[in-house]
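The values are calculated or read from the model by the stated rules, or taken from the named source; none is laboratory data. Here the structure is a predicted model, which is why all the values come from computation and not from measurement. No Cβ is skipped: glycine too gets one built from the backbone with ideal geometry, and neighbour counts run over all protein chains shown. Heavy atoms of the whole protein, side chains included, go into the accessibility calculation; ligands, DNA and RNA do not. Shrake-Rupley method; radii C 1.70, N 1.55, O 1.52, S 1.80 Å.
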Amino acid sequence: MAQPATPITIDAESAADPVLSARPENRVWKKFRHHRSAMLGGVLVVFFCAIALLAPILPIPDPAATDWGAVRKAPSAAHWLGTDELGRDVLSRLIWGAQASLLAGVVSVAIALGLGVPLGIVAGYFGGWTDAVISRCTEALLAAPFLILAIALAAFLGPSLTNAMIAIGISATPVFIRLTRGQVLSVAAEDYVESARAIGLSTPRILRRYIFPNVLPPVLVQATLTVATAIIAEASLSFLGLGQQPPSPSWGSMLNTAKNFLNQAPWMALWPGIAIFLVVLGFNLLGDGLRDALDPREH
């Protein structure tokens, strides 16, 4: 067979780089694996998820069990993180509180995704009056600060963890609508989408095969970062008495109680504060790593 007129050359840098030389389906994982802070965030997230799931089988005391002989005791061999104002074990309440915080973060973001992504796709792809109505409603919601809107909705719905998750999810929806709409506008202008329209593909098939897969990566990154925001929002609502209700443990309600005993028992506020800091740090680092790994300019 005849040899090609122009010899094929291989970029030495691409051949030597384990990320660039990997198959396309492995590039994201390889890029993420080499991101140290992202791996640290992943470890923190997995750790807190594990203790939340394993809370029912861990050898820890009942988080609601009171001991009037061990009220506000400092950390000791019997109570590793001390006790609260009712003699309840702080470690046990911290572990069970992880369930409420992580559940609120994940469910709230799931609600925001379920509402925001379809509305953003409809607004960005179809345009016209549909885009105008959705965009104006989104701008009206964005005019109110996220936490203020969540507090107002939670107060309207009533104090409970379920209502707090709904309030946080609705408050986070405008961010996903705007992000999805912007991504759809960018993808819909690409040549392959125009070609799909030209050959007569139906709108649902174009949305399913070409639009949605290309807007999904940035939406997933934003979802990971929003989980951290939702956890802080749930802790804030519980601190104000609008989230998880006593005696069920929650990091926010633990901080609310601990504020009255900062001088006598500072450990009551220390441990839930550290837990919130670490889990939020973990989701933020994980989101930053996913953003770098999914960015095609980094491949």
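The conditions of being part of a helix (DSSP H, G or I) and surrounded by 17 or more Cβ atoms within 10 Å (Cβ to Cβ) are met by Ser171. Could you identify the single residue in Gln244, Gln264 that is buried (at least 21 other Cβ atoms within 10 Å of the Cβ) and at pLDDT below 90? Gln244 is the lone residue from the list that is buried (at least 21 other Cβ atoms within 10 Å of the Cβ) and at pLDDT below 90.
When the range 191-206 is filtered for residues that are modelled with pLDDT of 90 or more and open to solvent by less than 40 Å² (accessible area, probe 1.4 Å), only Ile206 remains. Please state which one of Gly282, Gly200, Gly273 is in a loop (DSSP other than H, G, I, E, B), out of contact with any Ser or Thr (no Cβ under 8 Å at 6 or more places or on another chain) and of a type outside the set (D, E, K, R). None of the others qualify; the one that does is Gly200.
Scan Arg181, Arg209 and give me the residue that is open to solvent by 80 Å² or more (accessible area, probe 1.4 Å), part of a helix (DSSP H, G or I) and within 19 Å of Ala123 (Cα to Cα). Sole residue among the options that is open to solvent by 80 Å² or more (accessible area, probe 1.4 Å), part of a helix (DSSP H, G or I) and within 19 Å of Ala123 (Cα to Cα): Arg209.
Against the definition (assigned to a loop (DSSP other than H, G, I, E, B) and closer than 20 Å to Ala172 by Cβ), how does Gly287 come out, yes or no?
no
None of Leu262, Leu220, Leu225, Leu242 is more than 21 Å from the chain's Cα centre (by Cα) and either closer than 22 Å to Val109 by Cβ or not β-branched (Val, Ile, Thr) (or both) except Leu262.
For Tyr192, the conditions (1) over 13 Å from Gly116 (Cα atoms); (2) under 23 Å from the mean Cα position of the chain (by Cα) are fulfilled apart from (2). The set of residues in the range 35-90 that are under 30 Å from Gly289 (Cβ atoms) and among the hydroxyl-bearing types (Ser, Thr, Tyr) contains only Ser37. Any chance the range 25-40 includes a residue that's buried (at least 18 other Cβ atoms within 10 Å of the Cβ), assigned to a helix (DSSP H, G or I) and of a type in the set (Gly, Ala, Ser)? Checked the range 25-40: at least one residue is buried (at least 18 other Cβ atoms within 10 Å of the Cβ), assigned to a helix (DSSP H, G or I) and of a type in the set (Gly, Ala, Ser).
Select from the range 153-176 the residues that are small (Gly, Ala, Ser) and in contact (Cβ under 8 Å) with a residue 12 or more places away in the chain and write down the one among them that is nearest to Thr229 (Cα to Cα).
Once the filter is applied, the top-ranked residue is Ala172.
The conditions of being under 25 Å from Ala123 (Cα atoms), of a type in the set (A, V, I, L, M, F, W, C) and open to solvent by 40 Å² or more (accessible area, probe 1.4 Å) are met by Leu216.
Among residues belonging to the range 241-275 that are among the aliphatic types (A, V, I, L, M) and touching a Gly at 6+ places or on another chain (Cβ under 8 Å), point out the one that is nearest to Val46 (Cα to Cα). So the residue we want is Ala275.
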